[in-house]
1. Counting only residues that are in contact with a Ser or Thr (Cβ under 8 Å, 6 or more places away or on another chain) and farther than 25 Å from B:LEU33 by Cβ, which one in the range B:285-331 is modelled with the highest pLDDT?
2. Checking B:LEU346 against (1) within 16 Å of ligand 2 (Cβ to nearest atom); (2) within 14 Å of another protein chain (Cβ to nearest Cβ), which single condition isn't satisfied?
3. B:MET104 fails exactly one of the following numbered conditions: (1) closer than 24 Å to B:GLY160 by Cβ; (2) within 9 Å of chain C (Cβ to nearest Cβ); (3) not hydroxyl-bearing (Ser, Thr, Tyr). What is the number of that condition?
4. Could you tell me whether any residue of the range B:153-171 is within 13 Å of ligand 1 (Cβ to nearest atom) and free of Cβ contacts under 8 Å to residues at least 60 places away in the same chain?
5. Can we say B:VAL96 is part of a loop (DSSP other than H, G, I, E, B) and away from ligand 1 (no atom under 15 Å from the Cβ)?
6. Which residue is nearest to ligand 2 (Cβ to nearest atom), if the candidates are limited to the range B:136-191 and must be away from chain C (no Cβ under 14 Å) and in a loop (DSSP other than H, G, I, E, B)?
7. What number of residues within the range A:97-123 are part of a loop (DSSP other than H, G, I, E, B), open to solvent by 10 Å² or more (accessible area, probe 1.4 Å) and touching a helix residue (DSSP H, G or I) at 6+ places or on another chain (Cβ under 8 Å)?
8. Does any residue of the range B:124-135 turn out to be modelled with pLDDT under 85 and within 13 Å of chain C (Cβ to nearest Cβ)?
Amino acid sequence: RDIKVGHFGAPGKAFDQGVQVFIDKLDELSNGEMTATDYPGGQLGNESQEIASLRGGLQEVFITSSTNMIRFSPKFQLIDLPFLFDNDAEADKVLLGPIGDDILGGLDGTGLHGLTFWDNGFRDLSNSQHPITQLSDFEGLDFRVIGEPIFVDTFKALGANPVPLPFPEIYSALETGTVDGQDNPLLTVRDVNFFEVQDYLTDSKHAYSAMVVLVGQPFWNQLSDAQKAIVQQAAEEAGQAQRQIMRKAVSGAKAFLAGKGGMEVDSFDAAARKAIRKAVQPVIDGVINDDNRDLYQQIQQTLSDMRQPS
Amino acid sequence: MIVATFILVLIGCIVLGIPVAWSLIAAAIALMLKIDFFNAQIVAQNMIHGTDNFILLAIPFFILAGELMNRGGLSRHIIEVAMALFGHVRGGLGYVGIVAALIMASLSGSAIADSAALAAILVPMMRMAGYPEGKSGGLLAAGGVIAPILPPSIALVVFGAIANISITGLFMASIVPGLLMAAALAAVWGFHARNKQYETFDKPDRRTLWRIIGKGLPALVLPFIIIGGMRLGIFTPTEASVIAVAYATIVGALVYRELDIKGFYGALVESGKTAAVVMFLVGASMISAWLVSIANLPAEIVEALAPLMDSPRLLLAAILILTLLLGMVLDFTPLMLILMPIMIPLCQAAHIDLTYFGVVFIMAGALGMLTPPVGNVLNVVAGVARIRIDRIITGVMPFLVAEIIILALLVLFPALVMVPFSWLH
Amino acid sequence: MFIMVIMVFANVCLRFFGSGFVATEELSRILLGGLIFTGAVVALAQGRHIAMPLVIERLPLGLRRLVVLAGGLLMLYCDWLLVAGAWAQVEINLGSDYPLTGLPQSIPYVTGTIAGVLLALVTLYKLGRMLMGRTAPERCFAADDEPATAANGDENRLEKQARGFES
Ligand code: NA
Ligand code: NA
């Protein structure tokens, strides 16, 4: 039967191109036995509906933000910790290794099965008031955030006023000044035209936005081991290609936003970054508990191994 | 063909008297059988999740605001002001209807509520003054459909949410097209009334005129509060709907003193039921919307329209004609909900400005409320004013044609939308 | 339902004044679901759903009964699909909670299941009344059981009946 692949990327844009690679890989690896169709832009419904469809066996594959998996497994919270990863290589190392597998395993028994992580880039800051280059610049700014406690707490810790809003309301809220700023990957800032209503961009990399490739348990159970291996391999290989596509698009978007997009692009210097990290440390401490401390330490270990090569 | 199956079953069920919501479910069942993917969860899930959307929370408030306007005397005062200004002109009650429709359209998003209020008050007066009831009802129906075009409008909110474009921008872009529709109605009505011996009403003396305007003022300033507030960024469109509810309550209760606790409670219950009926219908239409996606219909349509992709204007005309035709058999909401997700990517691909498209597309859809057999505004006016439905259908035709001509003008001269939009924005 | 309208209203008011609405948004969406299904059942009982009885009104009585009966059976089948589908999701969602309020995630599906059962019961009741000759067939689903006494009532009925989402 046809595999329905749902996601929220806009048709034809970078994320959707990655999905196309996945579909082609499925076809190629299965010698044409597995066919899949791409349903971009939430054509199969909103987040909760596509999840329900996966668990109920109406839909086969759904690619969504790892943040949305927190309610199924708290392990996913660790990925969203502020300033966890410094660059793409660090994120890939952790998420594509045993630690990533451990996190995905948290979905067992929920009716969902996680295949692998894909990339959605780092979240950066934009606002309409003034450049943000240090901690004190956050003071008094109204920031739209995702309605997850960790994002709300992070922006509170930075001194800003977090305002959780649903995604479709961001543009008009920015435009009308209901909020001053938002944080999203650069591609979103370009593709959803936030640059029209925002003047200042900060290359803050304050959180990494991971995507998770999900299959529904009813569908997964129907597959033979050989078929499972094909789907798994296709997701992983497409993930590699998808990372290249996304990262190339991100640098294109950055050039566009600074040029034609008319945004002033700033970044944190080492001292500012240190002060900001310190300010959000209580948020991290609040998330770490006995259940995830072990996993968190493994992540830190992996990262410090990378940062100080012996 | 899949669309044909769907539409045939849908119309068949509606004609057999099955409520539209169930007819939509039945048509969806036919679709499931047709694409060989039958699962009860498709029905349940889409009905439940289709309405689980933050943006749709605005709908009950838009409905409630309209209900409160009618119960709190705001609608009546607006019509009285229009009467005082235009009642003495030849065929004046027609212009009264148009002006009142415009003001009410800028207060509420509901064509049904507006045309019901207009028809309930004005048709009896028009009848007494010797106006033909079909023409009168037709005019008010055609005036009522301005409501979803002039801000505030739920359809524009939903469009903005799906297309990810500024809702305030959409609202500002739709003002001039709404005014043009009213102008077209006035022209047609003027032509109709030019040598009729209709009874006119006495022109009020200056003092009475100012008194009536003074009394109507609290109702008349609401559009400026809402549109101005959104324009200046004081509140978002969702919040505007709540402001409208609060303002209509305060004016109705404290200024006009026509709204008491009982009336407010009644408005809540009534609008709760209406909202439920509406959202249940939205949910039912989501089932077929989902199935249409699964059947890959959007891709089929894109393919069919591919030759037109190079000529945006032709493509636009094709989309609008399709919308008008489907508007004959589908209610406004399901029509918009089914077509939006298909048409928005199509227009994006053809580089049609989405704000502009949203305005003309919703206008085409709104005109569907004036076309039989499924024309809800016609049904309401017929019911409220006790006019035979076939008389209204004949009566509305010249006005419908005039509004279609305006739509065609907007397609030929997009500047009519975009230039005023750039001033207002 | 009255309370739900108030709650949803209060939520948006809260939102406007910028106080914590993360959980209330979730709550109001759950409540909105309750409002829709409660209202849909009440509306069916009161004959307030949008329908077009114009054509069947012209049929002879026997045929009219038959057509409405067939339509009613089709509606019952639709209700059954709602019940079956919603119940399947209730089973899947047992044990999952909403992230913010911690309420069970099966609530909307339980609501859907109950609503489907109630809709079916109302439909059966209406069909029964029609077959016993207590209701005119064309009024079975489209209008109040009691014929409108005052002109006023009739207007209201038609207006309510035709009220779409249009907006
Ligand atoms: Na309006
Ligand atoms: Na129509």
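The values are calculated or read from the model by the stated rules, or taken from the named source; none is laboratory data. This structure is a prediction, so every number in the text was calculated from the model and none was measured. Glycine also receives a Cβ, built like all others from the backbone with ideal geometry; neighbour counts cover every protein chain displayed. Heavy atoms of the whole protein, side chains included, go into the accessibility calculation; ligands, DNA and RNA do not. Shrake-Rupley method; radii C 1.70, N 1.55, O 1.52, S 1.80 Å.
1. Filtering the range B:285-331 for residues that are in contact with a Ser or Thr (Cβ under 8 Å, 6 or more places away or on another chain) and farther than 25 Å from B:LEU33 by Cβ, the one modelled with the highest pLDDT comes out as B:LEU324.
2. Exception for B:LEU346: condition (1).
3. So B:MET104 meets the others, but not (2).
4. no
5. No; evaluated as a whole, the condition is false for this residue.
6. Only one residue fits best here, namely B:ILE165.
7. Residues flagged as part of a loop (DSSP other than H, G, I, E, B), open to solvent by 10 Å² or more (accessible area, probe 1.4 Å) and touching a helix residue (DSSP H, G or I) at 6+ places or on another chain (Cβ under 8 Å) within the range A:97-123 amount to 4.
8. yes
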